[in-house]
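All of the numbers you see were taken from the coordinates with simple rules; none came from a lab. What you see is a predicted model; the values in this text were computed from it and never measured. Because the Cβ atoms are built from the backbone with ideal geometry, glycine has one as well, and the counts that use them run over all protein chains shown.
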Amino acid sequence: MDSPFTPAAESTRRLDLLRMGLAGLGLEGALLLQAVDVLWVSGTRQNAALWVPVEGEPLLLVRKSLERARDESPLERVVPFPASKELAALVGPARRLGLTLDTVPVAVQQFWSRALPGVEWADVSSLVRDSRSVKSPWELDRMRETARLLCGVFREVPSFLRAGMREVDLSAEIEVRMRRAGNEGSPRVRGFNQEFFMGLAISGGAATAPSYFDGPVTGRGLSPSSPLGASVDVIARDAPVLLDYTAILGGYVTDMTRIAVCGRLAPELTRAFGVARDIQEELAAALLPGAVPSELFATARRRADDAGLGDRFMGPPGAQARFVGHGIGLELDEVPVLAPGFDAPLRLGQTLAIEPKFVFPGQGAVGIENTWSVGERGGERITPMEGTSLAPVFEGRDLSPRALFWEHERNCAVRQGTWKLVGKNVLGPDGLNEAKWELYDIDADRSELNDLAAKEPDRVKAMSALYLAYAKRCCVLPLPGGKEKAGAARKDKKSE
């Protein structure tokens, strides 16, 4: 990430959106109290309340930590949270105000009603969520950075997934890599009593266990108090392994699902996965401004029914989730939702995770998920996996020239055409040690006995640069404990 701080221009854009919506509702201002809503406008997730008047400058009232809030927020007015008897003077004469009543507890609303006597409250939950749903170019860039982290970890799964390991051990292997790559933790979820850890690594019959979470697949979990995600069940050969994970950088979430197998999937599962992939591609192509979410869900449902898989679509029979895609951003469960009843047309820049899945009780679950943004020509995928399709080879066509990269325990290589750049312990805590590279012309020296690095310094430099770009793109770097940082030095946020 270029910088973890929200630019002043970004905060101003969000304030303008919010003020315009408040004025349209005939309100004089709003109090943002939910932490993620405060973060969206103020750029800081400290314990604070944000007063946003339709006319005048916003005021961030901080309980803890004032020092960090002032350092992190581009807002000019960041002050200590005052005694309750002083709040009325800070808010002024405004008496028709908004609150996000989908998240603010009654006790908190009552506190503010006592502090601001005579105020008439209006629910602005929909306004805030709708305003947040359209992402700016800056926000889309943040989500792409998050997606690169997630894709970089997923591409490592084949190196450690084995039949006979427990689901919880597989999840631990994934999660430690995500934390080392900079993942900030579990995604924020707005829905009442909905909880989610970093993701799901579940397999076979355990993957089809029902649970509370409002999703198509939940997993058995580890106990009645945590009935979600990986269990201690052993991953069997030929059983589908469903990996559904989120990643977070700078507060922004991306969501992705892939299927793995140690062996071979049963034919009916392979077929269902193909149907899921086709549904995803059809819906993604339809992510255009003006498309209606409820109609996209209906399309997906018809495709599942036509394939004879309607009773397994988005959950086991009798416990199916009533959506096929959900908004995503600072929270995992944003709007819009591809579901019945969501009839507001899509808008350019909205972001959604599309996740068609099929559940076969006792056998396992299959499906796919990627994060997309609504584009002028259809959905733009935010979570592309690194790699090149081999389909042309199976059709007798050649692949386009490309570089191949790999790394194992800090030993690295690049293959470009006939040339191979390779080195032992090339990766160190400070990045690449280019002095350790060796260069071979594989056509002339298949046994790699004649190191040409000294004779071809320009080629070594160019191929090393390719490797460094790959290492950063796929989260090989930064290494844990290294000096290489994901974020650049902080700019002056007040002047951006």
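For Leu348, what is the net charge nearby, where nearby means another residue's Cβ is under 12 Å from its Cβ and Lys, Arg count +1, Asp, Glu -1?
Values: positive: Lys135, Arg347, Arg377; negative: Glu376, Glu380.
My count for the surroundings of Leu348 gives +1.
Could you tell me which of rounded, prolate or oblate describes the chain, using a ≥ b ≥ c as the square roots of the eigenvalues of the alpha-carbon gyration tensor, with rounded for a/c under 1.5 and, failing that, prolate when a/b is larger than b/c and oblate otherwise?
Cα axes put the chain in the oblate bin.
Using only Cα atoms and rounding to the nearest 10 degrees, what angle (0 to 90) does helix 8-24 make with the longest principal axis of the chain?
The two axes meet at around 50 degrees.
Using DSSP to define loop residues, name the GluC sites (Glu not before Pro) in region 403-473 whose beta-carbon has at most 11 other beta-carbon atoms within 10 Å.
Answer by residue number: Glu409.
If you count, for each residue, the other Cβ atoms within 10 Å and average over each peptide, how do 22-28, 37-43 line up from highest to lowest?
37-43, 22-28
For Ser65, what is the net charge nearby, where nearby means another residue's Cβ is under 15 Å from its Cβ and Lys, Arg count +1, Asp, Glu -1?
Working: positive: Arg45, Arg63, Lys64, Arg68, Arg70; negative: Glu67, Asp71, Glu72.
Local charge sum for Ser65: +2.
Once you have a ≥ b ≥ c as the square roots of the Cα gyration tensor eigenvalues for region 391-473, tell me rounded if a/c is under 1.5, and otherwise prolate or oblate according to whether a/b is larger than b/c.
Oblate, because a/c is 1.5 or more while a/b does not exceed b/c.
Just want the answer: with Cβ charges of +1 for Lys and Arg and -1 for Asp and Glu, which residue in Pro216, Val79, Val275 is farthest toward the dipole's positive end in the chain?
The residue sitting most towards the positive pole is Val79.
Within region 189-278, list the chymotrypsin sites (Phe, Trp or Tyr not before Pro) lying in a DSSP loop whose Cβ has at most 12 other Cβ atoms in a 10 Å radius.
Phe192, Tyr212
Order of 411-420, 109-118, 319-328 by packing, highest average Cβ count within 10 Å first?
Packing order, densest peptide first, comes out as 319-328, 411-420, 109-118.
If packing is taken as the average count of other Cβ atoms within 10 Å, what order do 237-243, 74-80 fall into, highest mean first?
So the order, starting with the most tightly packed, is 237-243, 74-80.
Once you treat every alpha carbon in region 107-251 as an equal point and sum by Debye, what is log10 I(q)/I(0) at q = 0.14, 0.16, 0.18, 0.20 Å⁻¹?
The computed values of log10 I(q)/I(0) come out as -0.79, -0.94, -1.08, -1.21.
Counting other C-beta atoms within 10 Å, which of Ile202, Ile354 has the fewest, and how do the rest follow?
Arranged by neighbour count, lowest to highest, Ile202, Ile354 become Ile354, Ile202.
Considering the options Val189, Leu287, Val359, tell which one lies farthest towards the positive end of the dipole of the chain, charges being +1 on Lys and Arg and -1 on Asp and Glu at the Cβ, about the Cα centre.
In the chain, that residue is Val189.
Cβ under 15 Å from Lys461's Cβ, Lys461 left aside: what net charge do those residues give with Lys, Arg +1 and Asp, Glu -1?
Once all neighbours under 15 Å are counted, the net charge is -1.
By how many degrees, between 0 and 90 and to the nearest 10, does the Cα long axis of helix 106-115 differ from the longest principal axis of the chain?
40
With a cut-off of at most 16 other beta carbons within 10 Å, and DSSP calling the residue loop, which trypsin sites (Lys or Arg not before Pro) in region 137-213 qualify? Please list them.
Numbers: sites: Arg142, Arg144, Arg148, Arg155, Arg162, Arg166, Arg177, Arg179, Arg180, Arg188, Arg190; in loops: Arg155, Arg162, Arg188, Arg190.
The qualifying sites are Arg155, Arg162.
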